[in-house]
1. Which residue out of Ile169, Ile159, Ile155 is under 19 Å from Asn266 (Cβ atoms), away from ligand 2 (no atom under 12 Å from the Cβ), surrounded by 21 or more Cβ atoms within 10 Å (Cβ to Cβ) and at pLDDT 95 or above?
2. Restricted to the range 172-187, and to residues that are at negative phi and outside any helix (DSSP H, G or I), which residue is surrounded by the most Cβ atoms within 10 Å (Cβ to Cβ)?
3. Hey, among the residues in the range 241-273 that are more than 16 Å from ligand 2 (Cβ to nearest atom) and under 15 Å from Asn165 (Cα atoms), which one's nearest to the chain's Cα centre (by Cα)?
4. Residue under question is Ser227, and the condition is that it be within 16 Å of ligand 1 (Cβ to nearest atom), modelled with pLDDT of 95 or more and of a type in the set (Ser, Thr, Tyr); does it hold?
5. Are any residues in the range 116-152 among the aliphatic types (A, V, I, L, M), in a helix (DSSP H, G or I) and either away from ligand 2 (no atom under 11 Å from the Cβ) or surrounded by fewer than 14 Cβ atoms within 10 Å (Cβ to Cβ) (or both), and if so, which ones?
6. Which condition does Ile155 not pass, out of (1) in a helix (DSSP H, G or I); (2) of a type in the set (A, V, I, L, M); (3) farther than 23 Å from Lys297 by Cα; (4) touching a Ser or Thr at 6+ places or on another chain (Cβ under 7 Å), if it passes all the others?
Amino acid sequence: MKEGSVAVIGAGKWGQALHYALSQKQECYITSRTKRDIKNFTDLQTALSCEYLVIAIPAQQIRTWLSNHFEFKGQKILVASKGIEATTGKFLNEIYEEFIPTQNLGFISGPSFAAEVIKGLPCAIVLNSLNKQLFLEFEKFFPNFIKTYYSDDVIGAEICGAYKNVLAIASGICEGMDLGNNARVSLISRGLVEMQRFGSHFGAKMDTFIGLSGAGDLFLTASSELSRNFRVGLGLANNKTLDEILKQLGEVAEGVKTSYAINSLNKKHNIYTPIANEVYSILEGKNPKDSLKDLLKN
Ligand SMILES: NC(=O)c1ccc[n+]([C@@H]2O[C@H](COP(=O)([O-])OP(=O)(O)OC[C@H]3O[C@@H](n4cnc5c(N)ncnc54)[C@H](O)[C@@H]3O)[C@@H](O)[C@H]2O)c1
Ligand SMILES: O=P(O)(O)OC[C@H](O)CO
C-alpha cells in the first residue's frame, strides 16, 4: 500500500467534485468503470492500493461493487454516497461494515452540491466516524474552501443523507404543483420532524437533525433545482413518467430507491412517516393531488 496516498472511486458528479477538492493540497487519484479525461485518472487496482479511499458510487451499487472489486488490505475509507439499500433496507454503514472494520470507516454528510464544490465555492460538511483518529487523518486532505466538522453519529448522518432525498422529491412535487411558499416550507419543516422521528427509532442523535447533516442538507436539497431529487419531484408533478424523468436526468436520484427502502422499514418498525409514504405512493402511480388531500387531512 502506498502510504499517505488518496484516491476517489467513482467519477460521477460527486466523485469528480471531491477529486477536485482533494487535489488542492495533495495528489489525488480517481478511477471509474469507464476511462475519463481527468488529471490523475488511474486504473482500479492502482486506486485500491492507496491508503485513503473516498468512495462515490450510487448506494444501490455498493454491495455488488464491494463483493466484486474490493479486498480489504487496511485501507481507510470515506463513504460519499447517500441512500438506503432498497433490497435489504440496510443503511450504508451497515453494508460497509460487512466488508470493512468500523474503525476504518467514515461517512461524509451535509449540504454539498457537487456543482458548487467543483467551482471551489465555500461549504461546510461533516465527517462522521466512530474513530476520531480517522476524521483527523481525512480532515487534513480537505481544501481551505471546505470546513469540516466531526461527529460520531454515523447512523444519524446516514439517515439524514438518505431521508432528505425523499423529502426533496416531495418538495419538488410541491413546487411543480405551484402550491406556494407556505406549503413548501410547511412540508420541509414537517419533513424534518418526520426524519427525526424515523432516525430516533434507529438510535440517531437529536442534535444531528438540527445541524448540517439534517436541517442543513434538507434545506439545501429541498429548495433548489440543482438537486436531482427535487427535479424528480418537479417531473412527477408535471405528469411525466418516472422512466422519462430518470432518462432525462441521466444521473442518480437516490431518493427514488430510498423511498422504497423507507417504505419497507417504516412498515416493519411501525414508524409514522406520512410524507415519505406519499412520495412512495406517487412513485407507485398515485395522483399527487390525492396525496395533497391526504396530507392536509386533520
Ligand atoms: N452530486 C452531488 O451533488 C452529491 C453530493 C453529495 C452526495 N452525493 C451522493 O454521491 C453518490 C454519487 O452521486 P453522483 O452525483 O456522483 O452521481 P452520478 O450519477 O453523477 O455518478 C454516479 C457514478 O457512479 C458510477 N457507477 C454507477 N454504477 C456503478 C457500479 N456498479 N460500479 C462502479 N461505479 C458505478 C457511475 O459510472 C458514475 O460515475 C450518490 O449517492 C449521491 O447521493 C452526490
Ligand atoms: O442532487 P441531489 O438531490 O442528489 O443532492 C445532492 C447532495 O446530496 C446535496 O447535499
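1. Only one candidate passes the filter, namely Ile159.
2. Met177
3. Here the answer is Tyr260.
4. yes
5. Of everything in the range 116-152, those that are among the aliphatic types (A, V, I, L, M), in a helix (DSSP H, G or I) and either away from ligand 2 (no atom under 11 Å from the Cβ) or surrounded by fewer than 14 Cβ atoms within 10 Å (Cβ to Cβ) (or both) turn out to be Leu134, Leu136.
6. The number of the failed condition is (4).
The values are calculated or read from the model by the stated rules, or taken from the named source; none is laboratory data. Computed from a predicted model, the values in this text were never measured in an experiment. As a convention, Cβ positions derive from the backbone with ideal geometry for all residues, glycine included, and neighbour counts pool all protein chains shown.
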